[in-house]
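Here, each number is a calculation from the coordinates, and none is a lab measurement. On a predicted model such as this, the values are computed, not experimentally measured, just so you know. Cβ: placed from backbone, ideal geometry, glycine included. Neighbour counts: every protein chain shown.
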Amino acid sequence: MRPSKLKLTALVAGLFSLSVAGLAFSDADDDQDDGNDHPGWFAPRADIAPVRNPGYQEECSACHMAYQPGLLPAQSWRRIMAANALLDHFGDDASLPEGRRVEIAAWLEANAADRAERSRSRAFAVAPGVGGSLPRISTTRYFQREHHEIPDRLVRGNPGVGSFSNCDACHRGALDGVYNEHRVLIPGVGRWED
């Protein structure tokens, strides 16, 4: 073979190899849910730091998902974890022994969105409005922007979801801090494509 033809053959083989490698590293088929929580070759990286506090996990996940601290700024966690606010925690009495409350509140504030390094957490760093009610993740600007196209009937009207605060009903990686939109699977509906 002539040197120019050899170079061309090597270039084509190289481009073909890169194409095959790109396909191997890409996500699984977006139109199919095979139940695999880690499509592709790599498990998705948490875009919000996962919960790593056993006390918080124990106390809060008894009633709802233990939301990652990176979903609200420190001032919001401070308001939510105030002793008087826990007496009426979104309609429930979630009061804690003072030592436990202080420990959990300090951990939430130290790991809050406005103190986090991960970009999705930083997007949640803008505090929800300061009205008379407790701050909600679902009222942050970032949450509203990311969920505004989802019809209410697919959430509140869906017995498999029930509320926008039920993150792990649709976000298959929510408990691990993975909120990748390609991993959204709405119960009874399937994948959500915006």
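Given the convex hull over the Cα atoms of segment 96-161, what projected area results after averaging over all orientations, in nm²?
6.5
When Lys and Arg each count +1 and Asp and Glu each count -1, what net charge do the other residues less than 13 Å away from A106, Cβ to Cβ, add up to?
+1
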- Message: Could you tell me the extents of segment 44-194's C-alpha atoms along the three principal axes, largest first, rounded to whole Å?
- Response: 44, 32, 29
- What order do you get for 64-74, 147-157, 96-106, 111-121 when each peptide is scored by the mean count of other beta carbon atoms within 10 Å, highest first? 64-74, 111-121, 96-106, 147-157
